[in-house]
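Report on the following structure.
Throughout, read-outs are computed from the coordinates displayed, never taken from laboratory work. In this text the structure is predicted, and so the values were computed from the model without any measurement. Positions of Cβ are generated from backbone atoms using ideal geometry, with glycine treated the same way; all protein chains shown enter the neighbour counts.
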Amino acid sequence: YRKLIDRLTAAALAPPLAGPADLPCAEVLPPLAKKTWKRLRKEVKATPVTAPAEDLHGVRIHVKRVRYAAEAVGPSLRVKKARAARRFAQRAADLQDVLGANQDTVVARRAIVQAAGQPPGDDTFGVAATRLFERQQDLAIDLRYRYPKVWAKLNRPKHTKWMRV
């Protein structure tokens with residue numbers, strides 16, 4: 001027991017670290033964010049505007065990861081790159097918002113269909129449900145048109161420059 005305590009204490013006082021632990025955060029962390037970014041670019045390339053909602057939701061999850069990576073890495077960078085990482089994270093948040101709103105329309109339309117499938121009690125409810133569904137459908141179409149535009153604002157070399165060491 002005493003040997004174990006001595007070994008744990010020694011490890012805590014002088015932890016065995018991998019090579020990158022000796023390098024500055026500004027050198028080690030941006031490539032990790034870039035790796036997440038490359039995964040997102042690949043996902044977006046494989047997910048056209050006409051893709052099923054589940055696929056767009058998958059893109060949203062990747063966007064969230066990229067945004068969080070930028071937010072986590074940014075503070076470890078020098079002022080100019082940190083500012084660029086913050087702006088990049090904001091653009092990622094904009095894309096995340098568009099894709100999130102699209103997912104909200106999917107959930108809303110499912111709920112409307114489910115509610116409309118209940119035993120009829122009132123014709124005005126059916127008319128209102130139809131109109132509400134149509135509005136959600138129109139919003140989903142609008143959001144799908146916005147998706148490539150918002151992506152294009154994020155996917156510019158000048159916005160990802162901060163990831164390069």
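In table form, for the structure just shown:
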{"item": "Residue-averaged 222 nm ellipticity for the chain, from DSSP H runs of 4+ at -39500 (n - 2.57), nearest 500", "result": "-27000 deg cm²/dmol"}
{"item": "Table column - 3J(HN,Hα) (Hz), the stretch 148-165, Karplus curve with 6.51, -1.76, 1.60, x for Gly and Pro", "result": "x, 5, 5, 4, 4, 5, 7, 8, 10, x, 5, 7, 10, 4, 5, 7, 7, 8"}
{"item": "Charge context of Leu139, other residues only, Cβ under 12 angstrom, K/R +1, D/E -1", "result": "0"}
{"item": "The chain - charge dipole about Cα centre, Lys and Arg +1 at Cβ, Asp and Glu -1, debye rounded to 20", "result": "1320"}
{"item": "Ascending count of other beta-carbon atoms within 10 Å, so fewest first, for Glu71, Glu27", "result": "Glu27, Glu71"}
{"item": "Proxy reagent accessibility, fewest Cβ within 10 Å first, across Ile5, Ile141", "result": "Ile5, Ile141"}
{"item": "Most positive-pole-ward Cα, Phe125, Val73, Leu154, against dipole of the stretch 23-163 from beta carbon charges", "result": "Val73"}
{"item": "Eligible aspartates and glutamates near Lys35 by straight Cα distance, threshold 19 Å, same-chain separation 8 or greater", "result": "Glu27, Glu43, Glu71"}
{"item": "D_trans [Stokes-Einstein, Kirkwood Rh over alpha-carbon pairs] for the stretch 97-153, 20 °C, 1.002 mPa s, µm² s⁻¹", "result": "174"}
{"item": "Rg ratio (alpha-carbon, reference 2.2 N^0.38 Å) - the stretch 73-126", "result": "2.11"}
{"item": "Taking Val98, Val165 and counting other C-beta atoms within 10 Å, the order from fewest to most", "result": "Val165, Val98"}
{"item": "³J(HN,Hα), Karplus 6.51/-1.76/1.60, whole Hz, each residue of the stretch 29-40, x for Gly, Pro", "result": "6, x, x, 5, 5, 4, 4, 5, 4, 4, 4, 5"}
{"item": "Surrounding net charge for Val49, when Lys and Arg each add one and Asp and Glu each subtract one, Cβ distance under 15 Å", "result": "+1"}
{"item": "Reachable lysines, given that their alpha-carbon falls under 27 Å from the alpha-carbon of Lys42 and they are not under 8 places away in the same chain", "result": "Lys34, Lys64, Lys81, Lys149, Lys153, Lys158, Lys161"}
{"item": "Percent of Cα-Cα distances greater than 18 Å, calculated over the chain", "result": "68"}
